[in-house]
Amino acid sequence: MPVAWYFDEKDDIPLSVLRKAFDEGLMNNDIPKKYGGNEYGILEGAIMTEEIAAACPGLATSLFDNSLGMEPLILCANEVLKEKYLPKLLKEFKLICFATSEPVMGSDVAGIRCEAKRDGDDYILNGTKYWITNGGVADYISVFATADPKSGHEGICAFLVEKSWDGVSAGKTIPKLGQRCSNTVGLNFKNVRVPEENVLAPPGEGFLLAMKTFSRTRPVVGAFGVGGARSAMEYAIDYAKKRRAFGSKIGDFQAIQFKIAEMYQKVETARLLVWKAAWEADKGLDPTINASIAKFYATEKALEVVNEALQILGGYGYTKMFPLEKLFRDIRLLRIYEGTSEIQRMIVSGHAMYTYQPVMPSLEDLPIFREKDPLDPDTGGEIKPAWRCRMCGHIHHGQDPPEECPYCFFPQTTFKKIWPAEET
Ligand SMILES: Cc1cc2nc3c(=O)[nH]c(=O)nc-3n(C[C@H](O)[C@H](O)[C@H](O)COP(=O)(O)OP(=O)(O)OC[C@H]3O[C@@H](n4cnc5c(N)ncnc54)[C@H](O)[C@@H]3O)c2cc1C
């Protein structure tokens with residue numbers, strides 16, 4: 001923590017801290033036991049990341065980037081590649097980054113333009129990746145490209161590329177609002193020859209590999225938010241207990257206490273969602289939907305918490321002498337990378353609208369009997385069929401539907417028989 005502001009000011013990645021984290025066993029814990037790793041779950045990753053983000057979300061991004069970069073390798077089917085690189089990542093301090101985004105596309109992964117052309121058994125890569133975290137300092141890159149830019153997601157493929165290979169170059173560090181303790185650059189590929197053994201996903205399988213990766217890494221981005229928000233809340237409580245105004249401590253004002261209650265509530269609920277998605281992933285369930293929910297909920301609530309914490313510190317909150325302004329800048333990024341809040345809403349609404357299985361009957365079939373109890377043992381046997389007007393909801397009891405609805409005047413055909421319930 002003590003070096004965070006220095007590196008933020010310098011706009012530089014604290015590589016010495018990353019190195020120390022590697023030595024202390026805080027990196028690469030996702031590597032399966034089969035390759036010599038600890039095989040920690042996403043849940044353990046989320047718990048560790050929350051603590052690091054509590055000190056500096058930018059450092060958390062830098063550290064966690066190895067998990068993001070190596071997730072396609074862990075998930076891919078290429079055993080030779082795993083045997084070659086995963087043990088190396090355990091033994092030596094190596095950084096691996098993840099590259100889908102480009103100067104002209106980010107959200108629309110199917111719109112990748114970086115091209116991979118087949119040349120015998122090899123591929124030749126040409127194109128530019130942008131916004132690549134750790135790109136300037138990484139040794140390896142999980143690069144997503146396309147075998148045919150016109151074929152959308154069907155052309156997407158992925159490769160593990162070494163930064164030292166001919167034709168790979170990194171651009172200047174992109175100056176950012178926050179998370180300045182993380183390195184962000186563009187990466188250029190000019191006729192880079194990638195041997196077949198470095199294929200993470202052949203054309204047609206890369207898109208799914210990218211999406212599966214995000215499903216497993218998004219909960220942890222939520223954990224960045226939980227950690228940052230928790231610290232902001234703690235700083236605000238500390239300040240509210242000491243600062244005086246109008247003859248009292250500001251923490252004695254209910255307006256401040258309620259802000260703190262809401263901060264606490266947001267931190268706790270965000271963490272629960274993050275852990276739920278992480279648990280699903282660790283249990284081998286499909287975490288996609290809950291990973292998206294955790295990501296957009298936790299990162300948006302984190303920004304609200306940091307904003308209110310800054311408010312509690314008043315003018316001091318706005319200065320660089322207190323930690324809130326950096327947290328505010330750092331946390332702002334979380335709504336953007338690894339799928340913006342808008343993209344997460346698209347994923348969740350798509351599920352809610354089209355694949356979610358409702359428990360309740362459809363509105364047209366709802367048995368709303370206000371005049372009679374259809375299950376009353378004394379009268380139940382005598383209950384006549386019931387018909388529901390599909391327009392206004394009126395229930396008609398009788399052998400047949402009425403000629404027209406007495407409420408909305410729609411014709412007999414508008415009525416649907418809802419009782420006795422059809423056997424399903
Ligand atoms: C500091 C930083 C680090 C990053 N690290 C990496 C990295 O390591 N690897 C990597 O590959 N990428 C990385 N990214 C890129 C990041 O993932 C993208 O910026 C992000 O996915 C958004 O893409 P974009 O910036 O191209 O915005 P666009 O996709 O152009 O979107 C612009 C705006 O339009 C909205 N939008 C787009 N489509 C829709 C839609 N269908 N409906 C509604 N709204 C929509 C978006 O939500 C956004 O608000 C990083 C970005 C930053 C800023």
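The numbers here are math on the coordinates, done by the rules we state, and not lab data. Note that the coordinates shown come from a computational prediction; the quantities given were computed from them, not determined experimentally. Cβ atoms come from the backbone with ideal geometry, glycine included; neighbour counts cover every protein chain shown.
Here the Karplus curve 6.51 cos²θ - 1.76 cosθ + 1.60, taken at θ = phi - 60°, turns the phi angles of segment 96-106 into couplings of 10, 10, 10, 9, 10, 5, 9, x, 9, 8, x Hz, with x standing for Gly and Pro. Projected label points at M321 and K88, each 7 Å from Cα along the beta carbon direction, are separated by 5.0 nanometres. The phi-based Karplus calculation (6.51 cos²θ - 1.76 cosθ + 1.60; θ = phi - 60°) puts the 3J(HN,Hα) values of segment 47-60 at 5, 5, 5, 4, 5, 5, 5, 4, 7, 7, x, x, 5, 4 Hz, whole numbers, x for Gly and Pro.
Entry note, the chain: the mean residue ellipticity at 222 nm calculated from DSSP H runs of n ≥ 4, each adding -39500 (n - 2.57), is -14000 deg cm²/dmol after division by the residues and rounding to the nearest 500.
Seen against the Cα atoms of the chain and their longest principal axis, helix 254-282 is set at about 80 degrees.
Counting lysine pairs in segment 208-354 that sit 8 or more residues apart in sequence, or on different chains, and whose Cα atoms lie under 19 Å apart gives 15. The charge dipole of segment 363-419, taken about its Cα centre with unit charges on the Cβ of Lys, Arg, Asp and Glu (plus for the first two, minus for the last two), comes to roughly 220 debye. Packing, taken as the mean count of other beta carbons within 10 Å per residue, orders the peptides 349-362, 105-118 from highest to lowest as 105-118, 349-362.
Across segment 208-354, Cα-Cα distances exceeding 21 Å account for 46% of all pairs. Rounded, prolate or oblate: which fits the chain, taking a ≥ b ≥ c as square roots of the Cα gyration tensor eigenvalues, rounded meaning a/c under 1.5, else prolate when a/b beats b/c? It comes out oblate by the Cα gyration axes. Measuring spread by the Cα atoms of segment 363-419 yields a radius of gyration and Dmax of 11.2, 34 Å.
Taking packing as the residue-averaged number of other Cβ atoms within 10 angstrom, the listed peptides 173-182, 413-422, 125-134 run from highest to lowest as 125-134, 173-182, 413-422. Residue-wise HN-Hα couplings along segment 15-21, as the Karplus relation 6.51 cos²θ - 1.76 cosθ + 1.60 with θ = phi - 60° gives them from phi, are 4, 5, 6, 4, 4, 5, 4 Hz; Gly and Pro carry x.
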